[in-house]
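The values are calculated or read from the model by the stated rules, or taken from the named source; none is laboratory data. A quick note: this is a predicted structure, and the numbers were derived from the prediction, not measured. Methodologically, a virtual Cβ is constructed for each residue, glycine included, from the backbone with ideal geometry; neighbour enumeration extends over all protein chains shown. Accessible surface areas use protein heavy atoms only, side chains included; no ligands, DNA or RNA. Shrake-Rupley method; radii C 1.70, N 1.55, O 1.52, S 1.80 Å.
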Amino acid sequence: MGKAHANAWRKVNTFFDAPFKAHLKVVAGEASAPLEAFAANWEIDEVSYDWKEVVARKDIDIVDIVTPTFLHAEMAIAAAQNGKHVLCEKPCALTYAQCAEMAAAAKKAGVVSYLNHNYRRVPAIAYARQLIGEGRIGEVLQWNGTYFQDWLLSPDTPMGWQMSAHTSGGGALYDLGSHAVDLVRFLVGEPTGVTSVQRTYTAQRRIPGQDGAMGAVDVDDAAFLLLEFEGRAMASVEVSRVAAGCKNNNSFELYGTKGALRFDFLRMNELQFYDNTLPAGERGYRTILAMEDTHPYMKNWWPCGHVIGFEHTFVNAFNDVLEAIAGKRALTPNFEDGAKILRILQASQKSSAEGRRVAVEEIF
């Protein structure tokens, strides 16, 4: 993520007519992982091993947090209190309460906050939202989303911060489910209740550098969520970090009263659209190549037919951030959205632990 963010900040002014010139001033981190080579490669002026000093500097306008989840809240709140606009990788924090504190700090300071759910900035997904807003799908009735990876399938994969609730908050549910739930909120609406089942398949993993010592895995490897909404819509979300053969398989199907949409991130420049208002003999899924300059963000990239990739979503997002700082647009998802996402994820954990449907409002 450090590479993805640094690359986007370096590219945003070359592809977008952004209202500010972004300059990479300082990269901060832990002394145990030297950053001098990283800074030189990405042409960052300085290296610091004291993030608190960095967020207090008067020559810093934006703080971009790309750390493990358990560090997000303290850093984001300190940055906001020092008057910095704050970006943060997902998930927002460990708990709904922490995210709410982050949102309150940003609001009190009057700064822009942005939570990097970059899939919203995939042109095909942004265009899907446009079609829904235009009523082309009709009333949304059902959503089915999956986000599968397989990097924890082997029990020999060592323990890391992503496998501990203390440092990550949750497993696949937080890591992948935060993205999936954000897309549900972006394209369907705000869930009111959740029923969930979660599983941990490898209960212990080897701790690196400790002569075979084992650590307990206390987060999920996979999770199923059934989401309910105030209207007639319902959604299913499946996430896994043990799905063999899946490296970053993020896809969804959305069904409405007038049509349907399908998206697969492995074919990220394509959106499948079914128009049920056409005569019966003309119906069928058709592929929209979201590469025309009329599609969201695409006028800033290549001629139609020349695909974009994962890294471009970050550039798209950071231009939106700069425009929000200039007062030219509202920006979502922000830390308030992050709190709403965490509320749903914590309700899901509660549902799995207690074996019942949980109203999102039970989490406070």
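Worth a mention:
- Residue check for Ile308: under 30 Å from Gly110 (Cα atoms) and hydrophobic (A, V, I, L, M, F, W, C): no
- Residue in the range 46-53 that is free of Cβ contacts under 8 Å to residues at least 12 places away in the same chain and over 30 Å from Glu362 (Cβ atoms) present: yes
- In this structure, Gly231 does not qualify as of a type in the set (Gly, Ala, Ser), in contact with a Phe, Trp or Tyr (Cβ under 9 Å, 6 or more places away or on another chain), surrounded by fewer than 18 Cβ atoms within 10 Å (Cβ to Cβ) and in a loop (DSSP other than H, G, I, E, B).
- Residue in the range 344-354 that is open to solvent by 20 Å² or more (accessible area, probe 1.4 Å), touching a residue at least 40 places away in the same chain (Cβ under 8 Å) and among the small types (Gly, Ala, Ser) present: yes
- When Ile137 is tested against the conditions (1) open to solvent by 10 Å² or more (accessible area, probe 1.4 Å); (2) touching a Lys or Arg at 6+ places or on another chain (Cβ under 8 Å); (3) assigned to a loop (DSSP other than H, G, I, E, B), the lone failure is (1).
- For the criterion of being of a type in the set (Ser, Thr, Tyr) and free of Cβ contacts under 8 Å to residues at least 40 places away in the same chain, Thr200 passes.
- When Glu190, Glu238 are screened for being open to solvent by 50 Å² or more (accessible area, probe 1.4 Å), assigned to a strand (DSSP E or B) and at pLDDT 95 or above, only Glu238 passes.
- Total residues in the range 82-118, condition touching a strand residue (DSSP E or B) at 6+ places or on another chain (Cβ under 7 Å) and either assigned to a loop (DSSP other than H, G, I, E, B) or not aliphatic (A, V, I, L, M) (or both): 11
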